[in-house]
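Here's the structure, in structure tokens; my notes come after.
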Amino acid sequence: MQATSYTYDPETRSGSVLLDDGTLVEFGAPAFDAGGLLLLRPGQRVRIEGEGAGAELRITLVTLQTF
């Protein structure tokens with residue numbers, strides 16, 4: 001699934017993304033660490049993986065979108 005990074009806190013390694021439908025979903029440090037990223041800037045396109053759907057979506061991986 002693709003999304004756009006919205007917030008990122010380098011101290012906690014957590015943040016949030018906007019799904020393409022405008023839904024804001026937060027992620028924690030484990031999801032950020034799983035992607036192997038060092039930094040995330042607002043507005044970057046990212047690929048996310050998660051468990052659940054809708055309001056129950058829990059992001060398990062955040063990585064940069066590659067083409």
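The values are calculated or read from the model by the stated rules, or taken from the named source; none is laboratory data. These numbers were taken from a predicted model, which means no experiment stands behind them. Methodologically, a virtual Cβ is constructed for each residue, glycine included, from the backbone with ideal geometry; neighbour enumeration extends over all protein chains shown. Just the protein is used for accessible areas: all its heavy atoms, side chains included, with ligands, DNA and RNA removed. Shrake-Rupley method; radii C 1.70, N 1.55, O 1.52, S 1.80 Å.
Ignoring ligands, DNA and RNA, what percent of the accessible area of the chain is carbon or sulfur (1.4 Å)?
Details: 2230 of 4250 Å².
In the chain, the share of accessible area belonging to carbon and sulfur is 53 percent.
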Which whole-number percent gives the relative contact order of the range 2-63, counting Cα pairs below 8 Å spaced six or more residues apart? 35 percent
According to a simple spin-label model (label point 7 Å from Cα along Cα-to-Cβ), what is the distance in nm between Leu39 and Ala53? 3.8 nm
CD proxy at 222 nm, helix term only [per DSSP H run n ≥ 4: -39500 (n - 2.57); per residue of the chain; nearest 500]: -2000 deg cm²/dmol
